[in-house]
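Read the figures in this text as sums done on the coordinates, not as results from a lab. This structure is a prediction, so every number in the text was calculated from the model and none was measured. Because the Cβ atoms are built from the backbone with ideal geometry, glycine has one as well, and the counts that use them run over all protein chains shown.
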Amino acid sequence: MKKLLALAAALLFSAGLAQVKLDYWLWDANQQPAYEQCAAVFSEQNPNIKINITQQGWGDYWTGITTGFVSGTAPDVFTNHLAKYPEFAANGQLVDIQPLIERDGVATDIYIGELATLWTRDNARYGLPKDWDTIAIFYNKEMLDTAGVSVEELNNLTWNPQDGGTFEEVVAKLTLDANGNNGLSPDFDKDNVVQFGYLTVDGADAYGQTQWSHFAVSNGWQFNDGLYAEEYYYDDPKFVETIDWYAGLIDKGYTPKFSDVNGLGDNSLFAAGQGALTTDGSWMIGWYLDNSPFEVGFARLAAGPEGRKSMFNGLADSIWVGSKNQEEAWEWVKFLASAECQNIVGSYGVVFPAIQSGVDAALAAYAERGADVSAFTEQALEPGGTFLFPIADFASEVSDIMTSAMESILLRESDTAETLAKANEEVNALFR
């Protein structure tokens, strides 16, 4: 009887352990299958923990996170962003995992570059790296061939804010009206375009990660003075002239009108055959390959006056301070940041993981699909070729101010210099 009671108690204890369920959120549907696989492996190793993964689109995702903080329904663990975490940390919404790292002897020097450092502030740490990304040109090979533009030519374009350089020349050449005239022809009808040379649909935000940031920084501009800086430079003449040129592509008919396509996404328009070129992030490689009914290639960014420059961003997983299962959440975060999980993610060929072995797995997966992704990796390795996503306080407020300003400019409703000067004053007032 004692043995039976002991067995029953053990079974009840085991069943109790199996009831620990962690909610994990991410916003990228392309990455969900990879993390489902990580969760399956993790649960095999930790049968007392079940991972429930939820994916939501970018806008709904952050609304759900911030609302969940207030209502007590936020996920235990979630994919976090460099633009978001300082605000969350300042509001006491994230677990400082540095004491846990020290307790368990978790190595933080296994990640590429300074990815791990980006998630620290005042001796606290709010996430472990999961991946990194850079920006490149995505092109429709058929449209290039028809226009007589070679991939080598595309890889060696130059850009400046005065006349757009050879980049704008190629964009004009790839833009066609209904009569077959390209943007270089005196007969080109900018009001009747059937193929855009360059898709710049979005960009009405504070960062222009995939849209205008690489142009602006290659022109010698910078967002601010670095980590947690308290002054932005959106009124800098170098930024003003860049955005003036960028918005001017709409006026010339080389890119769609913002009012016509806002919210559609340049990737969807590209896959629908509406344009020859776009700029996007490495996390979107798989999407373009899977959804474009034509050959897609990836080329280097155009070199500006200060060379080629790409925003470099890295995501991490954070633990909500309100989680009732913080110890189990920490075990999951450790696994997500481990080589075992990142090698799995890499094998899916959707992102470049934060650990080199995961990157190698990703490169092998892309090569198996015949995709040359060196435009992204070469940019990352090029000395001075990257700049960080701005990490500073008041991210939500900065985003609101700049989104409104950029929408006004891209809708061609206001003067670029005046609008940016006013917006910059509002942004910097937040820090005063």
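Bridging of K252 to lysines at a Cα separation below 24 Å is possible for K141, K173, K190, K238, once same-chain residues fewer than 8 apart are set aside. Here, the chain has an Rg and a Dmax of 23.5, 97 Å when only alpha carbons are counted.
In the chain, helical runs assigned H by DSSP with n ≥ 4 each contribute -39500 (n - 2.57); averaged across all residues and rounded to the nearest 500, the mean residue ellipticity at 222 nm is -12500 deg cm²/dmol. Relative contact order of the range 183-269: 42 percent, from C-alpha pairs under 8 Å at least 6 residues apart in sequence. Sorting S414, S347 from the fewest to the most surrounding beta carbons within 10 angstrom yields S414, S347.
The length gained by stretching the chain between D104 and N123 to full extension, at 0.36 nm per residue less their Cα-Cα distance, is 5.1 nm.
Taking N as the residue count of the range 147-281, its C-alpha radius of gyration divided by 2.2 N^0.38 Å amounts to 1.09. Distance from a point 7 Å along Cα→Cβ of E382 to each backbone N in the range 290-317: keep the residues under 13 Å and list them by number. Answer for this model: 299-312. Placing a label point 7 Å from the Cα of Q32 along the Cα-to-Cβ direction, the residues of the range 57-71 with a backbone N closer than 15 Å are 57-62. Charge tally around D205: other residues with Cβ under 12 Å, Lys/Arg +1 each, Asp/Glu -1 each, net -3. Label sites at W58 and K21, each approximated as a point 7 angstrom past Cα along Cα to Cβ, lie 3.1 nm apart.
A straight chain from D189 to D163 at 0.36 nm per residue would run longer than the Cα-Cα distance by 7.4 nm. The modelled label-to-label distance for the pair D260/K50, using points 7 Å beyond Cα in the direction of Cβ, is 5.1 nm.
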